[in-house]
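The block underneath contains the structure these notes are about, expressed in structure tokens.
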Amino acid sequence: MKKFSILAAVALAAIMGSCTNGTPTANLKDNVDTLSYAIGLAQTQGLKDYLTMRMGVDTTYIDEFIKGLNEAANAGDNKKKAAYYAGLQIGQQVSQQMIKGINYEVFGDDSTRTISLKNFMAGFISGTTGKNALMTIDEAAATAQTKMQEVKEKFMAEKFGDWKKQCEDYMAEVAKKEGIQELGDGVYYEVLTEGTGAIPADTSRVSVNYEGKLLNDTIFDSSYKRGEPAKFRCNQVIPGWTKALTKMPVGSTWMVYIPQEQAYGEREAGKITPYSCLIFKIELLGIE
């Protein structure tokens, strides 16, 4: 039996009885009746999971779902009612998927922040009706991209501004330390052991041991703890790593100091918070 789908929903709607409230009473007086009932029942395979996981329906209110289901199924080809029910369905998607997704993209896990539903709907309805739009669709897409970045950056600055400043101050102090050398774009390194082997190209596949720490000494990753070296191409890592590896002779061990711009920037990556400068001990074991 196929999983529940929109087509299955249509099939289910087509065989509902005339009752508009509650469950219609089955009356299997002939083969067509029995066929209709069997198809209706069979098509609900996976429906509850679809309702809860895909549509956000709380099955505590299953009676309300049945009420709406009956009304929609018995509307037939009434175009006015069909348009209304479609509006309800799209509205639920706006509420449960679109707005939540946009809020997460802009504000992350901060549930106290949200975009304006009123203005979202004003734009959504203008675009749907083709009336009273304040900009074209193409202008809206470009504006949304620009403004999302601006709003996100402002939010991130408010939330992580102090941490960003600490990391910037730390990197400025690193630059002044004796024995520190610059690799470019604010990336610095200190030689612990100078190797004499070949230097990888950015496309080279290398074997390394490493330990990565944050400014607060949190170890966020370590091949030493995993008990085996990491292997990857030099151009498949963050920019700060690529800069270090492509200047590093095999056999070397360096401390590498990477500013957030050459690491993950405003992104969060596991224990790495946005705007984090990263401190790595990197031991280049070989080129494969």
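The values are calculated or read from the model by the stated rules, or taken from the named source; none is laboratory data. Nothing here was measured: the structure is a model prediction, and the numbers come from that model. Here Cβ is always computed from backbone atoms with ideal geometry, including for glycine, and neighbour counts include all displayed protein chains.
Data overview
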quantity: Listing of strands (runs of 3 or more DSSP E) fully contained in segment 189-245 that carry 2 or more residues being in contact (Cβ under 8 Å) with a residue 60 or more places away in the chain; calculated: 205-213
quantity: Count of segment 20-47 residues which are modelled with pLDDT under 65 and surrounded by 12 or more Cβ atoms within 10 Å (Cβ to Cβ); calculated: 1
quantity: Residues of segment 247-282 satisfying the condition of being of a type outside the set (Lys, Arg), within 12 Å of Lys213 (Cα to Cα) and part of a strand (DSSP E or B); calculated: Met255, Val256, Tyr257, Ile258, Ile272, Leu278, Ile279, Phe280, Ile282
quantity: Qualifying residue in segment 174-188 (condition: in a strand (DSSP E or B) and among the small types (Gly, Ala, Ser)); calculated: yes
quantity: Segment 85-99: number of residues that are among the hydroxyl-bearing types (Ser, Thr, Tyr) and either surrounded by 13 or more Cβ atoms within 10 Å (Cβ to Cβ) or not assigned by TED's automatic domain parsing to the domain that holds Leu69 (or both); calculated: 1
quantity: Which listed residue is within 23 Å of Lys177 (Cβ to Cβ) and either buried (at least 17 other Cβ atoms within 10 Å of the Cβ) or basic (Lys, Arg) (or both), from Ile219, Ile282; calculated: Ile282
